[in-house]
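Working notes for the structure below.
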Amino acid sequence: MGSFLSGEKRPSAPTVGSAMEKKEFPTPPGRVGPGTQTAIVFIKQPSSQDALQGRRALLRCEVEAPGPVHVYWLLDGAPVQDTERRFAQGSSLSFAAVDRLQDSGTFQCVARDDVTGEEARSANASFNIKWIEAGPVVLKHPASEAEIQPQTQVTLRCHIDGHPRPTYQWFRDGTPLSDGQSNHTVSSKERNLTLRPAGPEHSGLYSCCAHSAFGQACSSQNFTLSIADESFARVVLAPQDVVVARYEEAMFHCQFSAQPPPSLQWLFEDETPITNRSRPPHLRRATVFANGSLLLTQVRPRNAGIYRCIGQGQRGPPIILEATLHLAEIEDMPLFEPRVFTAGSEERVTCLPPMAGSTRRATSWCWPILLKVMLVSTPATRPTWLVSGDRMSTSLWPLCPPG
């Protein structure tokens, strides 16, 4: 080792804080930069927290300083403006109703001494907002309802969303659908219900509900699925009521469609079957055609009544259609009693319309009427006929001699 001569200056040992060991450290929250003295200290700093959509919340911030300081808030670096929903409460920030869209981001509390210009910022804080929002059930596949056919795949989507991701439950006509059934599958991740292959047994009203830590919501609009079964009988042509005169023909038309073709049967009101092979005595003149039409010839009063056309497919309930045969009849008019009119006087004759027969539907009538008047006068006179106070037209009401 070297030695030092008398009078030489011994080098001093390095000291803590000398240029050899001086280091820079990051500024902790609540402090200003290096080389600056500040007296602003955060007593309480905001912290990240869970929040519920639409509920109250509070981000706390308290500072200590020897003089007055101005405290304001930043959201993602931009100043927060007070509103009725979100506003400063002292030095803290209050939320009357947390909004998952407007309150997502990083909040920071800032304290500033307007005299010295000193400023301190708190730690960052944010919300983990839990929410659930209702939506409709919609058809995802195929693209339109018109494309839904038996034995094809049908996919419905439940538009209920939330955070954290909710658990979904599907319903048909109010009955829960379990995941273990073979005729459909449920995808909670995609929020889908898939029916494959879809058949008439899947027809019904579909709805969905979802629940999470936030709460529960059900579909705001449901979906009605209607899948026709080709084996069910469907009405093509329904019979209509008919009115015919005695001894005329009456025709009822009735048709159904299905695959395979449905059966068709006619019944009279007393449940008597009408077929071409066996006809009841009062329906001997009835004929059932291959297209389902029923013809009645030489209609008589005993043929009037209710006829039922019944269609039955391979599956499904029977369809019963009814039509009534009315017989048009008009009863005889009552006879006019002879009356004697005095010359020069005004007389009134009332003529009532005839009563309808079995139909009771007469709305107008036309019938040859002969009114006889015997005048006793000297000399003989010719009467004047009036209708509702007006002179009768002889072209419409011909007069027989002598008037």
State whether the residues of the stretch 110-120 include one that is of a type outside the set (G, A, S) and under 20 Å from H202 (Cβ atoms). no
Residues that are assigned by TED's automatic domain parsing to the domain that holds C218, at positive phi and of a type in the set (S, T, N, Q): does the stretch 142-159 have at least one? yes
Of all residues in the stretch 119-170 being hydrophobic (A, V, I, L, M, F, W, C) and in a loop (DSSP other than H, G, I, E, B), which is farthest from the chain's Cα centre (by Cα)? A123
May I ask you to say which residue of L156, L195, L177 is surrounded by 14 or more Cβ atoms within 10 Å (Cβ to Cβ), over 29 Å from A51 (Cα atoms) and touching a helix residue (DSSP H, G or I) at 6+ places or on another chain (Cβ under 6 Å)? L195
Among the candidates R284, R308, residue that is surrounded by fewer than 13 Cβ atoms within 10 Å (Cβ to Cβ) and assigned by TED's automatic domain parsing to the domain that holds M251: R284
Mind telling me which of the residues Q181, Q169, Q221, Q151 ends up being out of contact with any strand residue (DSSP E or B) (no Cβ under 9 Å at 6 or more places or on another chain) and in contact (Cβ under 8 Å) with a residue 12 or more places away in the chain? Q151
May I ask you to verify whether L225 is touching a Phe, Trp or Tyr at 6+ places or on another chain (Cβ under 9 Å) and within 20 Å of S144 (Cα to Cα)? yes
Pick from D99, D76, D82, D113: which is buried (at least 16 other Cβ atoms within 10 Å of the Cβ), among the acidic types (D, E) and at pLDDT 95 or above? D99
Scan of the stretch 180-206 for residues that are among the hydrophobic types (A, V, I, L, M, F, W, C) and either in a loop (DSSP other than H, G, I, E, B) or under 14 Å from H141 (Cβ atoms) (or both), ordered by number: L193, L195, A198
Restricting attention to strands (runs of 3 or more DSSP E) lying wholly within the stretch 255-337, give those where 3 or more residues are touching a residue at least 12 places away in the same chain (Cβ under 8 Å) and within 15 Å of P239 (Cβ to Cβ). 263-268, 294-296, 305-312, 319-328
If we ask which residues in the stretch 311-343 are surrounded by 13 or more Cβ atoms within 10 Å (Cβ to Cβ) and modelled with pLDDT of 75 or more, their number turns out to be 15
State all residues of the stretch 214-251 that are in a strand (DSSP E or B) and β-branched (V, I, T); if no residue qualifies, say none. T224, V235, V236, V242, V243, V244
Residue pairs, Cβ under 7 Å, 6 or more apart or interchain, first in the stretch 44-65 and under 18 Å from A213 (Cβ atoms), second buried (at least 19 other Cβ atoms within 10 Å of the Cβ) and of a type in the set (K, R). List them. D50/K130; L52/K130; Q53/K130
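The values are calculated or read from the model by the stated rules, or taken from the named source; none is laboratory data. Predicted model, so just to flag it, every value in this text is computed and none were measured. Cβ coordinates were reconstructed from backbone atoms using ideal geometry, including for glycine residues, and neighbour counts include every protein chain displayed.
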